[in-house]
Amino acid sequence: MRYEAPSSSKEAAKLLASAKGKAVVLAGGTDLLVRMKSGAVEPDLIVDIKRIGATQEIKKSGNGFKIGAGVSGARLGKHRALKKAWPGVVEATNLIGSDQIQGRCTMAGNLCNASPAADSVPAMVAANAKANVVGPGGRRTVAVEKIPTGPGKTSLKKGEIIESITLPAKAPRSGDAYLRFIPRTEMDIAVVSAGVNLTLDSKGVVKKARVALGAVAPTVLLVEDAAKAIVGTKLDDDALAALAAACEAACRPIDDMRGTIEFRTEVAGVLARRAALTAYERAGGKK
Amino acid sequence: MAEQSYTEQEFKVVGSRVRRPDGVDKVTGRARYGADAFAPGQLVGRILRSPHAHAKIKKIDISRAEKMKGVKAVITCDDLPDLTGGRGPNFDILVNCMARGTALYHGHAVAAVAAVDEPTARKALKAIKVEYKALPHVTDVDAAMAEDAPIVQPGVEHDGKPSNIVNVSQFGHGDVDAGFAEADVIIEKSYRTEQTHQGYIEPHACLASVGPDGDGELWVTTQGHFTFRNVCAQLLGMDIAKLKVTSSEIGGGFGGKTHVWMEPVALALSRKANRPVKLVMGRDEVFMGSGPTCSTSMDVKIGAKRDGTITAGQATLRYQDGPFPGPWGMLGAMTSWACYDLPNVQAVAYDVLVNRPKVAAYRAPSAPMAAFAVESTMDLVAAEIGMDPVDFRLQNVAKEGSKAAYGPTYGPIGIEATLRAVKNHPHMKAKLGKNQGRGMACGFWFNFGGQTCTDLNIGVDGTVNLTMGTVDVGGARASMSLIAAEELGIPYEKVKCNVGDTSSLGHNDTTEGSRGTFSSGMATIFAARAAIDVLKARAALMWEIDVDDIEWKDGAAHAKGIEHSNLAPLTLAEIAKKSPQTGGPIAGHNEVVADGAGVSFASHICDVEVDPETGKTKILRYTVVQDAGKAIHPDYVEGQFQGAAAQGIGWALNEEYVYGEDGRLQNPSFLDYRIPVCSDLPFIDTEILEIPNPNHPYGIRGVGETSIVPPLAAIAGAVSNAVGVRLDHTPMSPPRVLKAIREANGR
Ligand SMILES: Cc1cc2nc3c(=O)[nH]c(=O)nc-3n(C[C@H](O)[C@H](O)[C@H](O)COP(=O)(O)OP(=O)(O)OC[C@H]3O[C@@H](n4cnc5c(N)ncnc54)[C@H](O)[C@@H]3O)c2cc1C
């Protein structure tokens, strides 16, 4: 097994593209190392991206925030401006694991691990985040919801890495929130989750909405019908019921040891409602 | 034995909260657990396990693995020939540690390797080719009792037919039919509990070394190294005296480390490789290849008069034991009604074989499930007749002189006192908010004594080495040091207690049945008293007076009578200092079968809040009241109460073995087998009652197990009161609770 830690994304892409056998990207390693230890993956080449300068930065610009693919959850949680603009995304990422895991885990790793239950992903999808991809063929920008294609699978091509993730600039009177259901209080995997991002008009009416659900389908779902159910409302009870119903209708979960189909479906609606209310309040809406 | 009986006394150090002797080592990482032993030339052992729930093993081809570079031994059951005569508990251990022709459950060991390093060992496992023929399997206890169920162990018969029912036990007295005929109210209900694991943080681990002369050593994390020695020696064909077993520090056992799982495999690998072999289970192996407790299915029926008098109680209990018979159903039946004084009572238990791991003891084994069913039904009866659940229990409570349903007539016992303490506890009167509920329940455990052997040696500086043979799983070294200090009359800090290896003491039974402090405490008292006899004899020599003129008090020999009033007391240290000249080392020894363990009772109170939209339960407040007999070290006693309650909470709310249709265990990891994390629990309040056990000099009863018995029922009561629906199936996981709410609302 070979280990490389290149200093540029281009170099990383080259190493990955020309590798023979199984080549993997290493960010925080909180998924990868666990899988290696259990024998689920046995890579021939590991490309550590943390020495690449661009993966370590959080850059604020008029277009929003560019968050390097090597930035840990703990660093994200300490970034005041980011927390203020995207509290839902930051909280979602900070839910990952424990203090120890937070010191290493990354949003990009969470995304590329492609678990339908990944905590930061519904929040990123609701936030309309974009992944900045570097590969042998150059750069491209992809909506985060387009990265995972199924459990453990991504649309990244051989040699491609995510260098950073861009969160858009925060719109006035907007707010986001993320909630997950776990049977315990921490150190658990989402049984179902919901991320909501709302923009209000000056009267407190929802103008734009993005609603994403986790762990109810092979990939995180962006539920447009759920957004439609609340646009033009002030999240009155009927709107919230319609939101929940739209979420339930969108669910295509599995029955497994973590939860039943009916449980996931019902709780998806509950969480979407609760997250919407928090997002509404964060956007300055009064109830 | 007269000296064994309780005498009331003023304690000097017993009952104080002294600093634990193992604390510094444990927080600095110096403590050595099962996986912390190293030997020159040691190999890494690994076990190949069955992917099938039930399968014939047609062929195992180890030839490719054996030829691999770095592989030093590959074994199958052929390397562990049967020396047990093909039957009995040790035969079951042999079959369980390495499958013989049939894989009986998902995770059953079928072969093992020893190699120079971990990657080589893993590769070698992959190179072993096993040909299986899948057999029909059964993992559910009720399904296993059905007419046409797949048979787990050929040869087992019930009613003259092949069956999975291996044991039927029955306890009780009176006439239950007559009792039910007298009742104004009868409640009958069925319950289920899913299988749970002890969840100790330290996985099974050992270092085995067998030399070319056939003598061996085993370093192992265990609750009973003497038992491990006897079992392993028999299975390997060794002389007991030639296998030295050392118990490591133990990172939790709760019954799961009373049992031999993989140690014979490690010894057989070492014997074949002629090198030391270290074998450490992964967490998945701990779940699949060690011994969880039973899942159950139970029916309970209680009849009572309107005034609250129970006229009859009847329980039918079905416990699954995995593929080997155990005493588990029997223990469930024995404990089920133990809290109450009933005129007509019956408990019938079935032990049933299934294709799951071999069941082992788990803290008060079998009692929590039976208590869940009985105590839940007690609540229902109390509600039906409109009586407060505590008053209802008090009205029927067992007392001194009551005949227990499992046979004996009780001596002084604490159940009534715990109930009164619960009734008067401020927790019972605290206000509840929306979606909140309160429950309470009682629990019983026998406790156990057994064979014990202890040595006490006094150094020339007056410090004391106490060597005990019961593994310290819950603070025994601190308690034994306190007891030795109390008897000798010296400060606690002057005593250093160690757990001796199997070559240094006579046989000690395993630390189980809450026996450690009871039995080693007794042996320590007697060993100290024997040492005091020697100290007095030495003082007599030093003073040149008759030993009968000497008494021992406050850590010194005192000469009695006016004729000796010129003699200043000789302290233990002074006598010890002179010991080389007065006859050599001073020691006390004791071996005893500690009879008369005192039964123990607890009553718990629990408040919960349930999210009605998600079914998630939060434990808001929890109170444990338990009779300890005598709390030698109250911190540790409280720790046992809290730990037992915490495990009960996990069992009640989220822990369960989940099997697929294919009979495979789906969740052998701490991610999906959910024990509580710290933030899931409130601080658990405790109240220690001390009702002395008449059969122990200090009044000690066991304390470690009883408090895992009430939580399932106490929490079920609380959740049911919060949501308005009776929960009858543990764990009361959010999907189950939400479903119950939904069904109650007709949705
Ligand atoms: C104890 C524990 C608790 C956990 N709790 C949670 C939880 O609560 N919620 C949750 O969602 N997850 C949880 N996880 C999973 C994991 O921590 C997260 O998915 C984390 O975000 C992964 O980030 P990482 O940087 O460590 O990824 P890595 O392990 O480094 O990588 C994960 C995968 O993504 C690929 N990858 C990583 N970065 C890139 C990149 N820039 N470009 C292309 N591919 C890349 C890797 O090759 C690998 O396949 C937990 C893990 C552990 C061990």
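The values are calculated or read from the model by the stated rules, or taken from the named source; none is laboratory data. Owing to the predicted nature of the structure, the values given are computational and were not obtained by experimental measurement. Cβ sites come from the backbone with ideal geometry, for glycine too, and all protein chains shown count toward neighbours. What goes into the accessible areas is simple: the full protein's heavy atoms, side chains included, and nothing from ligands, DNA or RNA. Shrake-Rupley method; radii C 1.70, N 1.55, O 1.52, S 1.80 Å.
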Notebook entry, point to check: Can you pull out the helices (runs of 4 or more DSSP H) entirely within the stretch B:251-338 that have at least 2 residues that are within 18 Å of the chain's Cα centre (by Cα) and modelled with pLDDT of 95 or more?
Noted result: B:283-289, B:328-336
Notebook entry, point to check: If you take just the strands (runs of 3 or more DSSP E) that sit entirely in the stretch A:138-192, which of them hold at least 1 residues that are in contact (Cβ under 8 Å) with a residue 12 or more places away in the chain and of a type in the set (A, V, I, L, M, F, W, C)?
Noted result: A:138-143, A:161-167, A:174-181
Notebook entry, point to check: If you take the residues in the stretch B:217-250 that are basic (Lys, Arg) and surrounded by fewer than 22 Cβ atoms within 10 Å (Cβ to Cβ), which one is farthest from the chain's Cα centre (by Cα)?
Noted result: B:LYS242
Item checked: Hits in the stretch B:166-210 - residues which are open to solvent by 20 Å² or more (accessible area, probe 1.4 Å) and on the phi > 0 side of the Ramachandran plot -> B:GLY172, B:GLY174
Notebook entry, point to check: Just checking, how many residues over the stretch A:232-275 are within 14 Å of A:VAL206 (Cβ to Cβ) and either within 12 Å of another protein chain (Cβ to nearest Cβ) or surrounded by 15 or more Cβ atoms within 10 Å (Cβ to Cβ) (or both)?
Noted result: 11
Next item on the list: Name, by its number, the condition in (1) in a loop (DSSP other than H, G, I, E, B); (2) closer than 30 Å to A:ALA209 by Cβ that does not hold for A:PRO6.
Entry: (2)
Check: Do you know which residues across the stretch A:218-245 are closer than 23 Å to A:ALA143 by Cβ, in contact (Cβ under 8 Å) with a residue 24 or more places away in the chain and not in a loop (DSSP other than H, G, I, E, B)?
Finding: A:LEU221, A:LEU222, A:ASP225, A:ALA226, A:ILE230, A:LEU243
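Conditions tested, residue by residue: (1) under 27 Å from the mean Cα position of the chain (by Cα); (2) surrounded by fewer than 24 Cβ atoms within 10 Å (Cβ to Cβ).
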residue	(1), (2)
B:ASN96	yes, no
B:ALA112	no, no
B:GLU118	no, yes
B:LEU125	no, yes
B:VAL130	no, yes
B:THR139	yes, no
Notebook entry, point to check: Can you name the residue in the stretch A:33-55 that is open to solvent by 50 Å² or more (accessible area, probe 1.4 Å) and within 12 Å of the ligand (Cβ to nearest atom) and is also farthest from the other protein chains (Cβ to nearest Cβ) among such residues?
Noted result: A:LYS50
Check: Under the condition of being open to solvent by 10 Å² or more (accessible area, probe 1.4 Å) and in a loop (DSSP other than H, G, I, E, B), which residue from the stretch A:205-216 is farthest from the other protein chains (Cβ to nearest Cβ)?
Finding: A:VAL205
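Results for (1) farther than 28 Å from B:PRO426 by Cβ; (2) away from chain A (no Cβ under 14 Å); (3) at pLDDT 95 or above, shown as yes or no for each residue.
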| position | (1), (2), (3) |
| --- | --- |
| B:ILE684 | no, yes, yes |
| B:ILE691 | no, yes, yes |
| B:PRO697 | yes, yes, yes |
| B:ALA718 | no, yes, yes |
| B:ASP728 | yes, yes, yes |
| B:PRO734 | yes, no, yes |
Checklist line | Of the criteria (1) within 17 Å of A:VAL90 (Cβ to Cβ); (2) open to solvent by 40 Å² or more (accessible area, probe 1.4 Å); (3) away from chain B (no Cβ under 14 Å), which one A:ASP201 fails | finding: (1)
Next item on the list: Those residues that are assigned to a strand (DSSP E or B) and β-branched (Val, Ile, Thr), I need them from the stretch A:47-92; list them, please.
Entry: A:VAL47, A:ILE58, A:ILE67
Check: Under the condition of being open to solvent by less than 50 Å² (accessible area, probe 1.4 Å) and either over 14 Å from the mean Cα position of the chain (by Cα) or not assigned by TED's automatic domain parsing to the domain that holds A:THR149 (or both), which residue from the stretch A:80-100 is nearest to the ligand (Cβ to nearest atom)?
Finding: A:GLY97
Next item on the list: Considering only the stretch A:101-119, state which residues are buried (at least 19 other Cβ atoms within 10 Å of the Cβ), more than 6 Å from the ligand (Cβ to nearest atom) and not polar (S, T, N, Q).
Entry: A:MET107, A:LEU111, A:ALA114, A:PRO116, A:ALA117
Next item on the list: Report, by residue number, each residue of the stretch A:217-231 that is open to solvent by 50 Å² or more (accessible area, probe 1.4 Å) and out of contact with any Asp or Glu (no Cβ under 7 Å at 6 or more places or on another chain).
Entry: A:PRO218, A:GLU224, A:ASP225, A:LYS228, A:VAL231
Check: Given the residues A:VAL223, A:VAL231, which is the only one that is in contact with a strand residue (DSSP E or B) (Cβ under 8 Å, 6 or more places away or on another chain) and more than 25 Å from A:THR154 (Cα to Cα)?
Finding: A:VAL231
Item checked: Selection status of B:VAL280, open to solvent by less than 10 Å² (accessible area, probe 1.4 Å) and within 20 Å of B:GLU118 (Cα to Cα) -> no
Margin query: What are the pairs with Cβ atoms under 6 angstrom where one residue, in the stretch A:198-217, is among the β-branched types (Val, Ile, Thr) and the other, located anywhere, is modelled with pLDDT under 95 and open to solvent by 10 Å² or more (accessible area, probe 1.4 Å)? Sequence gap at least six, or different chains.
Written below: A:VAL216/A:PRO253
Check: Does B:LEU380 fit the bill of being within 23 Å of the chain's Cα centre (by Cα) and touching a residue at least 60 places away in the same chain (Cβ under 8 Å)?
Finding: no
Next item on the list: Provide a single number: the residues in the stretch A:149-193 that are away from the ligand (no atom under 11 Å from the Cβ), within 12 Å of chain B (Cβ to nearest Cβ) and under 16 Å from the mean Cα position of the chain (by Cα).
Entry: 4
Note to self: Could you tell me how many of the residues in the stretch B:489-521 are in contact with a strand residue (DSSP E or B) (Cβ under 7 Å, 6 or more places away or on another chain), in a helix (DSSP H, G or I) and more than 28 Å from B:THR335 (Cβ to Cβ)?
What the structure shows: 1
Notebook entry, point to check: Only one of these conditions is not met by A:VAL133: (1) under 25 Å from A:GLY68 (Cβ atoms); (2) modelled with pLDDT of 95 or more; (3) more than 14 Å from the ligand (Cβ to nearest atom). Which number is it?
Noted result: (3)
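Residue-wise test of (1) over 16 Å from B:ALA367 (Cβ atoms); (2) in the same structural domain as B:GLN640 (by TED's automatic domain parsing); (3) surrounded by 16 or more Cβ atoms within 10 Å (Cβ to Cβ).
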site: B:VAL390; (1), (2), (3): yes, yes, yes
site: B:ARG393; (1), (2), (3): yes, yes, yes
site: B:SER402; (1), (2), (3): yes, yes, yes
site: B:TYR410; (1), (2), (3): yes, yes, yes
site: B:THR418; (1), (2), (3): no, yes, yes
site: B:LYS423; (1), (2), (3): yes, yes, yes
site: B:LYS431; (1), (2), (3): yes, yes, no
site: B:MET440; (1), (2), (3): yes, yes, yes
Notebook entry, point to check: Out of (1) assigned to a loop (DSSP other than H, G, I, E, B); (2) free of Cβ contacts under 8 Å to residues at least 60 places away in the same chain; (3) within 9 Å of chain A (Cβ to nearest Cβ), the odd one out for B:GLU661 is which?
Noted result: (3)
Next item on the list: Inspect the stretch B:670-677 for any residue being open to solvent by 20 Å² or more (accessible area, probe 1.4 Å), free of Cβ contacts under 8 Å to residues at least 12 places away in the same chain, within 11 Å of chain A (Cβ to nearest Cβ) and touching a Lys or Arg at 6+ places or on another chain (Cβ under 7 Å) and give the result as yes or no.
Entry: yes
